[in-house]
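Participant: The structure under discussion is supplied below as structure tokens; questions concerning it will follow.
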């Protein structure tokens with residue numbers, strides 16, 4: 001094992017007797033707060049010497065709860081380690097315990113403390129918006145704060161689910177999806193009307209009264225009235241057919257088909273279930289999967305699987321309790337939540353969620369009937385999801401162990417960082433860092449580096465050392481770029497986490513390149529005094545042929561792995577992901593620079609004046625060529641501003 005891994009192993013495997021003695025300093029810190037603590041409800045934070053929040057907890061009585069940390073007997077080793085690291089505490093009193101629970105969830109999401117159960121996937125969910133600020137409402141996908149006037153329907157578990165429902169709404173009710181600006185500018189129907197997905201209210205192909213009737217039908221459909229709307233369309237189709245208006249009847253037929261299609265796509269439909277989330281928890285191998293199904297208006301809006309981070313000692317009830325608080329601190333609680341396990345603080349959680357939602361929330365654990373079947377269905381999905389994740393994790397672990405064996409490492413790496421650069425002849429240079437571990441790619445840990453020295457002149461790279469950060473170097477000098485990226489990354493790591501306790505130090509650094517890039521990396525590590533991080537460079541084979549890569553290691557001859565070796569495929573996947581990430585970041589930077597105007601750099605020229613200049617002259621180059629009098633003729637440009645713009649282009653070198 002590396003020194004870093006050995007230190008981690010020692011910290012985890014200390015005997016109980018030593019751990020009992022270690023928290024004494026932490027206990028003294030905690031005891032110092034007891035005299036002034038109130039007996040009412042509130043939230044407390046345990047903080048280490050660096051100022052990092054270790055744990056956020058709520059309590060019905062702050063004094064009683066904090067006092068429990070001064071009694072070491074019966075505490076789990078994880079709790080003792082937390083007490084040992086505690087250097088200070090902070091407290092917030094609340095009026096009620098429910099308010100404390102809500103505040104606890106918000107603080108956990110903000111600080112992500114090491115010793116709390118954490119909901120790692122914190123994405124928002126899309127919804128459908130029927131706008132209410134226009135005479136002809138628009139239907140569109142929405143994500144984020146619900147600040148625009150209108151009716152919101154959701155949440156949907158995925159963009160695919162919301163897109164399918166939007167397509168149905170357009171086919172069945174012919175509602176517009178265009179923006180208000182486009183709507184106002186239309187002079188003839190667009191393609192959406194031609195393919196029978198819009199009734200073209202923009203050019204008066206439908207009256208406002210009839211359009212609003214379609215909006216009302218769409219609203220009824222989204223609130224559970226799909227069967228009623230479908231029967232209504234069937235009656236209208238029959239009337240049109242009886243009147244021999246066959247084209248009109250065919251239109252109603254197509255709309256009925258659209259409604260039937262969306263109803264058939266929902267895996268489970270329970271009439272009368274209303275607005276309900278179904279949440280099931282399954283644990284195995286020290287891991288937990290929480291499966292969430294969204295039901296709205298008797299329709300299944302999809303499901304999501306979550307894998308919270310927690311101690312192996314936390315049972316399903318504790319994990320579910322923490323999950324509910326954090327999940328609904330961002331998502332709007334529905335009227336009913338059905339669960340597979342009873343949360344540790346069920347009544348308190350129900351009160352807190354009701355406060356959060358602004359309406360009563362039922363939190364129930366079904367024991368019979370169709371609702372129990374629904375929970376069991378969610379539980380079966382949780383079992384399948386966790387089994388897949390554990391199988392993938394086991395496969396990833398075997399690859400890491402195979403990598404350690406192939407590269408003669410001390411042990412399977414827990415964190416691999418892969419580096420690559422992207423540029424065009426040295427311009428818009430970007431360095432990319434991707435991270436992988438036992439659970440696969442850790443995308444939230446990816447980093448990109450705007451390479452600062454890419455426009456200068458190289459003065460030292462021929463010696464194999466390269467310039468310091470801020471020195472110039474020849475555009476396109478990959479060695480100097482790699483040196484800058486690595487020095488910035490690890491200088492910051494040494495400053496922020498010198499003791500390597502934050503889990504952000506790699507066990508292995510993989511460089512896309514050959515012996516030159518390997519030498520630059522070793523130079524940086526030697527300069528910074530880093531001796532216990534493994535370094536490997538992987539170079540493409542002759543003619544850049546995948547499968548014939550050479551792997552370079554310090555003080556060892558290069559090696560090649562068999563073309564069908566799974567470890568080689570794993571290394572290729574790591575390298576390709578770093579390459580993809582670096583190129584994507586470079587293209588984004590280049591795209592932004594292409595859309596940037598030279599007017600953006602002039603001091604005191606805001607968006608309004610820039611727009612006036614461009615409208616008057618037509619292009620930024622014409623502004624640069626304009627005289628002082630011409631600039632003064634622009635609305636909003638006075639004499640001093642005109643002089644400043646003129647001098648910017650004519651008297652200052654940039």
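No value in this document is a laboratory result; all are computed from the given coordinates. Computed from a prediction, not measured in an experiment: that's the story for all the values here. Counting neighbours? That spans all protein chains shown, and the Cβs are built from the backbone with ideal geometry, glycine included.
Participant: For an R0 of 45 angstrom, estimate the FRET efficiency from the Cβ-Cβ distance between residue 220 and residue 445 and round to the nearest 0.05.
Facilitator: 0.45
Participant: Here's something else I'd like to know. Set the Förster radius R0 to 45 Å, insert the Cβ-Cβ distance between residue 368 and residue 565 as r into 1/(1 + (r/R0)^6), and round the FRET efficiency to 0.05.
Facilitator: 0.25
Participant: In addition: Among 500-511, 236-247, 165-176, 524-535, how do they line up from the highest to the lowest mean number of other beta-carbon atoms within 10 Å?
Facilitator: Per-residue mean Cβ counts within 10 Å order the peptides as 165-176, 500-511, 524-535, 236-247.
Participant: I want to verify the translational diffusion coefficient of the range 19-111 in µm²/s; compute it with Stokes-Einstein, Rh as the Kirkwood radius over Cα pairs, at 10 °C and 1.306 mPa s.
Facilitator: Once the numbers are plugged in, D ends up at 120 µm²/s.
Participant: Find how much the distance from residue 180 to residue 639 grows on full extension, using 0.36 nm per residue of separation minus their present alpha carbon separation; answer in nm with one decimal.
Facilitator: 161.4 nm
Participant: Please give the peptides 333-344, 369-380, 387-398 ranked by average Cβ packing (other Cβ atoms within 10 Å per residue), highest first, as a rough proxy for protection.
Facilitator: In descending order of packing, they fall as 333-344, 369-380, 387-398.
Participant: What FRET efficiency comes out for the pair residue 73/residue 630, r = Cβ-Cβ distance, R0 = 60 Å, nearest 0.05?
Facilitator: E between residue 73 and residue 630, to the nearest 0.05, is 0.10.
Participant: With 10 angstrom as the radius, rank 214, 124, 422 by how many other C-beta atoms surround their C-beta, starting from the fewest.
Facilitator: Ascending Cβ contact count within 10 Å gives the list 124, 214, 422.
Participant: Using a 10 Å cut-off around each Cβ, can you sort 451, 645 from fewest to most neighbouring Cβ atoms?
Facilitator: Neighbour counts put them in this order, fewest first: 451, 645.
Participant: Could you please rank 354, 158, placing first whichever residue has the fewest other Cβ atoms within 10 Å of its Cβ?
Facilitator: Ranked by crowding around the Cβ, least crowded first: 158, 354.
Participant: Express in % the proportion of alpha carbon pairs of the range 276-388 at distances exceeding 20 Å.
Facilitator: So the portion of pairs separated by more than 20 Å is 36 percent.
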